[in-house]
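The values are calculated or read from the model by the stated rules, or taken from the named source; none is laboratory data. All of these numbers come straight from a predicted model, not from anything done at the bench. For neighbour counting, all protein chains shown are included, and Cβ atoms are generated from backbone atoms with ideal geometry for every residue, glycine included. Remember, those area values only see protein heavy atoms, side chains included, never the ligands or the DNA or RNA. Shrake-Rupley method; radii C 1.70, N 1.55, O 1.52, S 1.80 Å.
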Amino acid sequence: MKNFKRLLVTAALPYANGYLHLGHIAGAYLPADIFVRYKKLIGEDIIFICGSDEHGTAIEISAMKEKVTPQEIIDRFHFDNKEAFNRLGIRFDIYSRTSNEIHHKTSQEFFLNLYEKGLLVQKSEKQLYSEKDRRYLADRFVEGTCPVCGYEEARGDQCEKCGSNLSPLELKNPKSKISGDTPVVKESVNFFFPLEKFQNELQQWMSGKTDWKANVKNYCEGWFKTGLKDRAISRDLDWGIKIPVDGQEGKVIYVWFEAPIGYISATKELFIERNQPEKWKDYWCDKETRLIHFIGKDNIIFHAIVFPAMLMAHGEFILPDNVPANEFLNLEGGKLSKSKGHGALVRDIVKEFDPDLIRYTLGTNLPENKDSDFSWDDFQAKNNNELAAILGNFVNRTVVFAMNKFGGKIPARRTTEPAKELSSEPDIFKFVREHSIIIADCYENFRFRDAINETMNVARAANKYFNDSEPWKIIKTDEKKCEGIINDCLELCHALAILISPVLPFTSERILKILGTDSKGIAWNKSGTYCLKAGAELGENEILFPQIETLAETPAETEKKDLSLSETPDNLIVIDDFKKVFLRTAKVTESSRVEKSKKLLKLKVKTGGNVKQIIAGIAEHYSPEEILGRTVIIVDNLKPAKLMGMESQGMLLAAKKDGKLRIITTDGEFEDGGEVS
C-alpha cells in the first residue's frame, strides 16, 4: 500500500432530525474513532471530520409536525448528538454543521464550478404536486403503497419494509405527509448531475481498489450492472441551500449533493479555527493525502459512487482511498430504526453505563461483513466475563499486590544493568510486542473485531503470567525475584493501557493514573517495553469494571429478569478456587425496600467489626421485617457492584426451588463475623 503524508478520515454526517442510536455508532462512528485513535498512537498526521446534516425534507416534516422552525429542530439534535458523541469518547477534530455559512458558500461554489463547465443539464420532470399545500412534494413528503411488496406506509424514496428504491410517482395511492392531500402530477424543471457520464471512469477507478471490503465492491457492482442514471441536483423546497443561479427562486441544492461537500467545508472551518485558512487544501487537493470515508451500508451509493463522481467532475480534489462501510446492527433481533423509534438511544445509555463498556460491546459486535445483533444479556456478559474477569482482574490483582507487599511503589526490575535488560526480560514481553504488530495489522485492514479479540488475548496472557509466576509464593522465599515479577506485571498493565486505548480510551487513562503516570507521550511501539520508573509511587487503585448483577432490557426499564442468587456454574472447581471465596455470618441490622423495584431489598449487615450494604433480590420472598435481625451467610469478598444506582458490597446465600427462594442461615445461635467453610 502506498505511503501517504497525511490522512483525512470522515464519518457520515448524521441527520439532525433525531437522536443517535447504537446502530449509528456501530455503523460508522465507533470504527472511525478507533481507527483514528490507533493512527495517532503510531504517530501519523490525521484529522477526523464530521458534523450534522441539517437540510432536507425530513427536517421540514419534523418542524411542521411540532409547529416550530427547521432551525429549532436542527439546533436541538445537533447539540444533543454532539454531546452524546463526546460522552462516548468519539473525538472529532471538528463537528461542524451544514447550516453554517461556510458550508452554504462552499456548496454553492461547487455547484457553480459544474454549472460553468456546462456539466449540469436542466430537464423537465414529472413530480407530485399538492394543490392544498401549494408546493411540489419531494420524496419524503409523500407516503403511499409500495408497488413491490404492498406496504402501505412506503416513503417516496424507499420502502422500509422491502428495501426497494422508489420514486414518488411509483407509489400507489400517494398522499401528502403534510396535509394528507392526494397530489396531482405536474412538470418541474430541475438541474441534473450527469452521473451516467462518469460510469466508465468510476469503474476504472474502482477496479484498482483491491483492498476494499467485499460488501462495498459488490454493492457498487450491482449499481454498475444496472447502469447509472443522471440524478436531479435541485429541488423545489424552502429549507436548504439556494441555487446560486438567476431565475432559480424557490429551488435549493438537493441534500444528497451538498451533504458530502460538508466534509470539505468542515475541513475549511477547522483550519480557519487553527489560523491556517489555506491548510485545508493539503488534505483535499494533495495526492499525498489518504481519504477514508466511514459509513453504514445505506450510504455506500453516495460515498463510493456519487461523491467520487462529483469530485471527478469538479477536478482538483483527491478521491477516496477506501470506504469501509459496515452492515446494520440489530437490537435483540429487531432492526434499529430512528424513524420508527426502535433503538437504544446513545443519550440514554451513556447516562447509565460506563462509555467504555458500550464501546467494547459494540466493538466486539461490529457488523463488519454482515448484520450483527446487540443484546443486553451480551452487554452484561461482556462486562462480567471479559472486561472485569480478564482485563480488570489482572490490573487489580497486580496493583493490590504491589500496594500490600511493596508499599504502593513500583518495585525494582529484574536487573538494573541495561546490557542485560533485554536478555533478562520474560517471554511475555516478546509476546506483547508480537501481538501489537498483529493488532496493528487488524486495524490497518479495518478488522476491528479481530483487533479487539487479539488485544484481550494479551490480557489473558498477562493473567497467565501472573498465575504461572506465583508471586504470592515467591515472596516468601525470594523477595528480589518477586519484585521483578510484579514490576513485569505493572509494565504489562502499562502495555495494556496502550493497546486498549483505541477501544477503551477512558479505561486506558484510568489504568495510567493508577500506575502513577498519564497518556502524554504514550505510543504504540512502547507496548511490551519498560516504561515505568522503579520506586515511583502508584496512584489510587480502583475497580475498573464492577460486576453487573442485574440489568434492565433497556436503560429506561428497571427490571428485565431475575438473576437467581443460587445459580451455580456447570464447570467443576478445585479446592483452591473455593478458598478464594470468603463466607461469613452476618446479622441484618437494617432492612428496607428499594424504591421502584419489586425484587430488591436494601440491607445493612454487621459482620464482625464491619458493616456492609447489600442489595439483595429477595423482596418477592421476604418482607423487610421478616429479614431484620436474622443471621445470614454472605460472600464477604465480592467486588462492589451498582444495583439501581446503589452500591452492593456482598451477596446473600440462598437456595431456590419450585420458584421459592429461602436464605441460608446458621444452625442455632451464632455470632456475626464467623467464618463459614
query = Among the residues of the range 595-610, which ones are aliphatic (A, V, I, L, M) and over 19 Å from THR665 (Cβ atoms)?
reply = LEU600
message = Anything in the range 423-450 that is part of a helix (DSSP H, G or I), in contact (Cβ under 8 Å) with a residue 24 or more places away in the chain and among the hydrophobic types (A, V, I, L, M, F, W, C)? List them, or say none.
response = ILE428, PHE429, PHE431, VAL432, ILE439, ALA440, PHE448
message = Where the second residue is part of a helix (DSSP H, G or I) and β-branched (Val, Ile, Thr) and the first is farther than 30 Å from GLU288 by Cβ and touching a residue at least 12 places away in the same chain (Cβ under 8 Å) and lies in the range 41-62, which pairs have Cβ atoms under 6 Å and are six or more apart or on separate chains?
response = GLU54/ILE74; HIS55/VAL255; GLY56/VAL255; ILE59/ILE73; SER62/ILE73
task = For the range 571-580, indicate whether the set of residues that are among the basic types (Lys, Arg), open to solvent by 40 Å² or more (accessible area, probe 1.4 Å), in a loop (DSSP other than H, G, I, E, B) and modelled with pLDDT under 90 is non-empty.
result = yes
query = Got a sec? Which helices (runs of 4 or more DSSP H) wholly within the range 1-109 have at least 3 residues that are open to solvent by 50 Å² or more (accessible area, probe 1.4 Å)?
reply = 57-66, 70-87
note = Residue pairs qualifying under the 8 Å Cβ cut-off, at least six apart or on distinct chains, with the first in the range 269-281 being in contact (Cβ under 8 Å) with a residue 24 or more places away in the chain and under 14 Å from ASP93 (Cα atoms) and the second being β-branched (Val, Ile, Thr) and outside any helix (DSSP H, G or I), are GLU269/ILE94; LEU270/ILE47; LEU270/ILE49; LEU270/ILE94; GLU273/ILE94
note = The helices (runs of 4 or more DSSP H) lying entirely within the range 235-298 that contain at least 1 residues which are farther than 30 Å from SER164 by Cβ are 261-273, 280-284
message = Please verify whether LEU345 is more than 19 Å from ASP211 (Cβ to Cβ), open to solvent by 30 Å² or more (accessible area, probe 1.4 Å), touching a strand residue (DSSP E or B) at 6+ places or on another chain (Cβ under 6 Å) and at pLDDT below 95, treating the condition exactly as stated.
response = yes
query = With respect to the numbered conditions (1) under 20 Å from ILE428 (Cα atoms); (2) in a loop (DSSP other than H, G, I, E, B), which one is the sole condition not fulfilled by GLY516?
reply = (1)
request  = Kindly provide the set of residues from the range 299-329 that are open to solvent by less than 30 Å² (accessible area, probe 1.4 Å), in a helix (DSSP H, G or I) and of a type in the set (A, V, I, L, M), ordered by number.
outcome  = ILE300, ILE301, ALA304, ILE305, VAL306, ALA309, MET310, LEU311, ALA313
query = SER265 is checked against (1) open to solvent by less than 10 Å² (accessible area, probe 1.4 Å); (2) without any contact (Cβ under 8 Å) to a residue 40 or more places away in the chain; (3) among the polar types (S, T, N, Q) and fails just one. What number does that condition carry?
reply = (2)
ask   = Among the candidates GLU386, GLU425, GLU417, GLU332, which residue alone is modelled with pLDDT under 95, among the charged types (D, E, K, R), in contact with a helix residue (DSSP H, G or I) (Cβ under 9 Å, 6 or more places away or on another chain) and crowded, with 19+ Cβ neighbours inside 10 Å?
value = GLU425
task = Quickly run through the range 173-230 and pick out the residues that are in contact (Cβ under 8 Å) with a residue 60 or more places away in the chain, among the small types (Gly, Ala, Ser) and exposed (fewer than 12 other Cβ atoms within 10 Å of the Cβ).
result = ALA214
